[in-house]
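**Student:** Have a look at this one before I ask anything.
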């Protein structure tokens, strides 16, 4: 099962990738594919939207005899990325509190049981 990816999450991931270093569309797609299933046909409208909203700017650079369009995060894009990161942490904590609840409770219970066992062993002198 894969989870649907919202436009906001795509925007934030693209901004995060480009904030590390200026890069071009194909490379952004390849980096994104490490985490989510996304095609270039999905990615280019995202890049256009981020450009239109002045979060990304472009410049052309020659590479092996041909021009490549590179993307660069603007100050507005960097500020938006910071906001996205804060929102993501809050969202992730809320989801984790539900999705991982049993797992977290079991870990805490097991750790408490181990502490009690060690404590009782030291009292008894085992």
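Computed from the coordinates by the stated procedures, all read-outs in this text should not be read as laboratory data. Source: prediction; values computed, not measured. FYI the Cβ positions are ideal-geometry reconstructions off the backbone, even for glycines, and counts take in every protein chain you see.
**Student:** Taking the alpha carbon gyration tensor of segment 7-98, what are the square roots of 5 times its eigenvalues, largest first, to the nearest whole Å? Could the numbers behind the result be given before it?
**Tutor:** Values: eigenvalues 131, 45, 21 Å².
Equivalent ellipsoid semi-axes, largest first: 26, 15, 10 Å.
**Student:** Let me ask something additional. How do 72, 91 rank when sorted from fewest to most other Cβ atoms within 10 Å of their own Cβ?
**Tutor:** Least crowded to most crowded, the residues run 91, 72.
**Student:** Would you mind ranking 99, 10 so that the residue whose beta carbon has the fewest other beta carbons within 10 Å leads the list?
**Tutor:** Working: 99 11, 10 20.
Exposure proxy ranking, most exposed first: 99, 10.
**Student:** Ranking 26, 71, 84 by Cβ neighbours within 10 Å, fewest first, what do you get?
**Tutor:** If I rank by nearby Cβ atoms, fewest first, I get 26, 84, 71.
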